[in-house]
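To start, the structure under review is shown below, and the notes come after it.
The values are calculated or read from the model by the stated rules, or taken from the named source; none is laboratory data. Predicted model only: the values in this text are computed from it and were never measured. As a convention, Cβ positions derive from the backbone with ideal geometry for all residues, glycine included, and neighbour counts pool all protein chains shown. These accessible areas exclude ligands, DNA and RNA; they are computed on the full protein's heavy atoms, side chains included. Shrake-Rupley method; radii C 1.70, N 1.55, O 1.52, S 1.80 Å.
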Amino acid sequence: MLESLHLNLAQHDALSDAEKALLASAMSIEKYFVTGEDIVSEGSRPITSTLIVDGLAARYKVLEDGGRQFTSLQVAGDFVDLHAFLLKTMDHGIIALSPCHVVAAEHSSLRAITEQAPHLTRLLWLDTLVDGAIHREWIVAMGRRSKTSHLAHLICELFVRLQVVKKTRSMSFHLPLSQAELADVLGLSVVHMNRVIGTLRRMNVINWVNHMITILDWNRLVEIAEFDPTYLSMSNEPR
């Protein structure tokens with residue numbers, strides 16, 4: 001069940017068999033969530049940190065007027081709340097956007113890893129740093145990119161992240177989001193969201209049918225998005 005996590009961490013630096021065994025022993029809780037269910041609720045004080053084994057989730061905030069903003073998408077191999085190990089209280093919620101299979105590690109087990117395995121600790125720390133880098137890119141996209149470029153950037157990012165954990169097929173991947181949910185990612189109305197998707201289709205860079213996105217022209221999509229994957233720290237080197 002931890003293959004996606006191994007692939008995710010190993011893109012940064014090699015994992016030893018002993019480190020894999022430590023991770024396996026720490027992940028002692030297994031759960032399933034249905035679409036629309038909170039995996040972690042805002043204001044809660046979790047005593048575990050949760051890893052997505054399969055499915056799609058999102059961090060989100062809801063305003064007093066009911067408006068919702070997704071602040072990140074979490075895919076297989078992602079810890080959705082590793083930061084809660086130190087922050088304690090969740091300042092946002094995490095929702096399942098598809099049926100999600102998860103496993104979780106008790107914080108006491110994570111604390112033991114930090115005391116016994118410094119290299120693995122650094123890789124888990126890097127995982128939270130990459131989360132922060134993704135948030136920065138999303139802020140830039142929200143504030144300064146055109147909506148067409150913003151959507152193109154999101155597609156590029158998701159394709160690269162899913163490719164790492166072997167969740168793509170050739171140049172295609174599954175994105176189980178409604179247009180309303182996608183609008184909550186980009187901060188748009190559903191009508192505007194539909195127009196932005198239509199723009200990328202007319203540019204012949206993507207095909208989008210029944211939640212399956214196929215990239216028709218990767219180089220052109222990267223150009224539209226101004227996508228540079230440096231922020232994902234995908235170089236494999238000693239950490």
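Points worth noting:
- Test: residue in region 82-97 that is in contact (Cβ under 8 Å) with a residue 24 or more places away in the chain, open to solvent by 10 Å² or more (accessible area, probe 1.4 Å), among the hydrophobic types (A, V, I, L, M, F, W, C) and out of contact with any Leu (no Cβ under 7 Å at 6 or more places or on another chain): yes
- Residues located in region 96-130, provided they are touching a Ser or Thr at 6+ places or on another chain (Cβ under 7 Å), under 29 Å from ALA183 (Cβ atoms) and part of a helix (DSSP H, G or I): VAL130
- Residue satisfying condition, being modelled with pLDDT of 95 or more, open to solvent by 60 Å² or more (accessible area, probe 1.4 Å) and of a type outside the set (Val, Ile, Thr), within set ASN204, ASN194, ASN236, ASN210: ASN204
- Scanning region 24-36 for residues that are under 12 Å from ALA104 (Cβ atoms) and open to solvent by less than 60 Å² (accessible area, probe 1.4 Å) yields a count of 4.
- Scope region 8-56; condition among the charged types (D, E, K, R) and within 30 Å of THR230 (Cα to Cα); matching residues: ASP13, ASP17, GLU19, LYS20, ASP54
- You will find that of GLN116, GLN69, the residue that is touching a strand residue (DSSP E or B) at 6+ places or on another chain (Cβ under 9 Å), open to solvent by 50 Å² or more (accessible area, probe 1.4 Å) and not β-branched (Val, Ile, Thr) is GLN69 and no other.
- Scanning region 213-223 for residues that are open to solvent by less than 90 Å² (accessible area, probe 1.4 Å) and either more than 21 Å from HIS174 (Cα to Cα) or at pLDDT below 95 (or both) turns up nothing.
- The set of residues in region 157-198 that are closer than 30 Å to ALA10 by Cβ, of a type outside the set (A, V, I, L, M) and outside any loop (DSSP other than H, G, I, E, B) comprises GLU157, PHE159, ARG161, GLN163, THR168, ARG169, SER172, PHE173, HIS174.
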